[in-house]
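Taking it in order: structure first as structure tokens, then the write-up.
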Amino acid sequence: MTIIGTPEFVEMSLTQQALMEIQGSEYDFHLTGSRFFNTEKKDSDYDFFTQDYLSLADWLRAHDFINITQVMPTSYADPLVIAIYQKGKVHIQVVNDAPLKQDIQECLKTSPLKNGLGNKGYARDLWRLLVSVAKSQTE
């Protein structure tokens, strides 16, 4: 028996499959992470977020996305994220307030503060600060 392809090929096909599935879904998936902020590297993953809906977890599982929330490092902690799913190199953040997350990242993308986003520690701390300020404005 000969197996054609490498693990990288298999992973890329899962990634392509995941990208096509989310594009054709009934849910709104918003690009985020390094690709949204134009700080990606050649091998960067694809990060998206979407609003939490009752049927969303079922849809993700039915399309072979795996819930990786428990294995993500605590340094990742985004206060808006409820769960994280993965398929190939595609991560889906399920959030409790997608419009707020979208507003914050759109503001950040056009801000001079975005210049440090290549530093994960800076990006994490800045994001947490902006979420905290935005939430305090809406309460």
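Dividing the summed helix terms, -39500 (n - 2.57) for each DSSP H run of n ≥ 4, by the number of residues in the chain produces a 222 nm estimate of -13000 deg cm²/dmol to the nearest 500. Once every Cα of the chain carries one equal point scatterer and solvent is ignored, give the base-10 log of I(q)/I(0) from the Debye formula at q = 0.14 Å⁻¹, two decimals. At q = 0.14 Å⁻¹ the computed log10 ratios are -0.69.
Only the coordinates and a few stated rules stand behind these numbers; no lab work does. Quantities reported herein were computed from a predicted structural model and do not represent experimental measurements.
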